[in-house]
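Data block below; observations after.
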Amino acid sequence: MEKELPILTKENIVEVFTLFLIRKDGKINSPALKKENSKNILKFIDENYKNISHLRLSDKWYYIKNNLNEIPKCICGNEIKNFSFNIRFCSQKCAVTSDEARKRVSKQMSNRIYTKEQRLKKSNNMKKIWSNDEYKNKLKIILKEANKNNGKNFLNENNEPWNKNLTKETSNSLREGGKKISISGKGKHSGKQNGMFGKSPSKYCGRGIKGYFNKIWFRSSLELFYLIYFFENNIKFKSAEINEFMVEYLHPNGNIKSYHPDFYLIDTDEIIEIKPYGRLKDKIFQIKMNALKEKFKTKNCKFMTELNIDFSYINKKYITKLVNNKLLNISNKELLRLYKNIN
């Protein structure tokens, strides 16, 4: 049975609101809003606090429980646009310079090695430095002068980047610099130490044409053509870029790396890797495929090229139709690249 609602006044609204509408964790109890007593409480608030009638309920509650007579102004005196319990300042500057922010930072710093006296001393020193107009003006001149030369060390006498058209084959400095970087980072970010080990590559990596076909991401025009082929022939498949199909292989440089094939055909139990025909003799590709076949001995592992299926029917008109039907979601830039690849 629902509790009896007392006579509502501005003096007891906080107590009544807490009793009927606030959970033990201090948040508003949304299911309770459907009850008759709750509706009467909300009606009372709208009638007696008309200046906050446009606010959300959570903001109204913040306003009422803090006994605010009007929507407060910012500490700088400006009006606060879109006032709410978590928007109480007019700008980021006011938010970080408020007493509230100072207390929060002070609390965060309390566990540091600095004592209270050390922090106070540092604070006073900085205030002393920055209150000196002579020091500030001197610093402005130094910074202005320093900014004039930004980037100039990277230009040659012709005002062009010093490394323009240079490669490690033609430039000793690039070659030696590359060796130093390679030695300093050796083993730290390679193989299983690499943060991307075992994960699928980023959606936007590589130089291929990218986009969505039927809400499935593709990274090359050849992958798109196969997605179209699967769609038209009702071939059930799923992406193989998941942990289930992750393959480890030994790279020629001695590092263990990971790799994911492209698709898994459900009905035929086939794992498919799609590559242009010209890449089949690639040494790394062959190592990957051998590792794939070794791991999935019971499945049929196949690599498919542009020669396995006749894609001659996919022309500009066909692609435009897919775009208009919203099956193909692709940027204008990538669409122009795709048009250049087909008739």
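Taken together, the values in this text are just the output of simple stated rules run on the coordinates, not laboratory data. Keep in mind that this is a model prediction, so the values were computed, not measured. Every residue, glycine among them, receives a Cβ derived from its backbone with ideal geometry; neighbour counts consider all protein chains shown.
Work out, step by step, the length gained on full extension between Tyr313 and His54: first 0.36 nm times the residue separation, then minus their alpha carbon distance; give nm to one decimal.
Working: separation 259, 0.36 × 259 = 93.24 nm, distance 5.85 nm.
Between Tyr313 and His54, full extension yields 87.4 nm more.
Can I get the semi-axes of the range 13-65's equivalent ellipsoid? Compute them from the C-alpha gyration tensor as square roots of 5 times the eigenvalues, in angstrom, largest first. All intermediate terms of the calculation are to be shown ahead of the outcome.
Details: eigenvalues 55, 32, 19 Å².
Largest first, the range 13-65 gives 17, 13, 10 Å.
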For the chain, with +1 on Lys and Arg beta carbons and -1 on Asp and Glu, the positive-most of Ser131, Leu335, Gly77 along the dipole: Ser131
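Given a Förster distance of 45 angstrom, what is the FRET efficiency for Lys73 paired with Glu145, based on the Cβ-Cβ distance and rounded to 0.05? It would help to have the intermediate numbers written out before the result.
Details: r = 42 Å, r/R0 = 0.92.
Result of the calculation: an efficiency of 0.60.
Only counting other Cβ atoms within 10 Å, I'd like Ile80, Ile274 sorted with the fewest neighbours first. It would help to have the intermediate numbers written out before the result.
On the way: Ile80 16, Ile274 21.
The fewest-first ordering by Cβ neighbours comes to Ile80, Ile274.
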Backbone HN-Hα couplings from phi across the range 264-280 [Karplus 6.51/-1.76/1.60, Hz, Gly and Pro as x]: 10, 8, 5, 5, 9, 6, 10, 9, 10, 10, 9, 8, x, 4, x, 8, 5
Shape of the chain, Cα gyration tensor, a/c cut at 1.5: oblate
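How high is the relative contact order of the chain? Use alpha-carbon pairs under 8 Å, at least six apart in sequence, and give a whole percent. Numbers along the way, then the final one.
On the way: 284 pairs, mean separation 30.2, N = 343.
9 percent.
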Rounded to 10°, Cα long-axis angle of helix 36-48 versus longest principal axis of the chain: 70
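Quick one: dipole size for the chain, taken about the Cα centre, charges +1 on Lys/Arg Cβ and -1 on Asp/Glu Cβ, in debye to the nearest 20. Walk me through the intermediate numbers first.
Details: 68 positive and 36 negative charges, 262 e Å.
That gives a dipole near 1260 debye.
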Inter-label distance for Tyr277 and Trp217, nm, one decimal - labels placed 7 Å from Cα along Cα-to-Cβ: 3.1
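For the range 256-304, take N as its residue count and report Rg(C-alpha) divided by 2.2 N^0.38 Å.
Details: Rg = 10.8 Å, N = 49, 2.2 N^0.38 = 9.7 Å.
That works out to 1.11 for the range 256-304.
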Dipole of the chain, positive direction: furthest Cα of Tyr249, Ala95, Leu21, with charges on the beta-carbon: Ala95
Separation in nanometres of the label points that stand 7 Å from Cα toward Cβ, at Asn329 and Arg175: 4.9
Angstrom value of the Kirkwood radius, inverse mean 1/r, which spans all Cα pairs in the range 211-341: 16.0
Helix 99-109 vs. the chain, principal-axis angle (Cα, 0 to 90°, nearest 10): 60
Max mean-square fluctuation residue, GNM over the chain, Cα-Cα springs under 10 Å, options Glu176, Glu79, Glu223: Glu79
Cα-based reach from Lys293 at 17 Å (exclusive), listing lysines while leaving out same-chain residues under 8 positions away: Lys257, Lys275, Lys281, Lys283, Lys302
Isolated Cys residues of the chain, judged by Cβ distance under 4.7 Å to other cysteines: Cys76, Cys94, Cys205, Cys301
Pairwise label distance in nanometres, Trp130 with Lys236, each label 7 Å out on the Cα-Cβ vector: 6.5
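How would the range 267-343 be classified by its alpha-carbon gyration tensor: rounded, prolate or oblate, with rounded meaning a/c under 1.5 and the a/b versus b/c comparison settling the rest? Don't skip to the answer; put the middle values down first.
On the way: a/c = 2.64, a/b = 2.02, b/c = 1.31.
Taking the square roots of the gyration eigenvalues as a ≥ b ≥ c, the range 267-343 is prolate.
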From phi via Karplus (6.51, -1.76, 1.60), per-residue ³J(HN,Hα) for the range 305-322 in Hz, x at Gly/Pro: 10, 5, 8, 6, 10, 7, 9, 5, 6, 7, 10, 4, 5, 5, 4, 4, 5, 5
Angle in degrees between helix 221-232 and the longest Cα principal axis of the chain, rounded to the nearest 10: 80
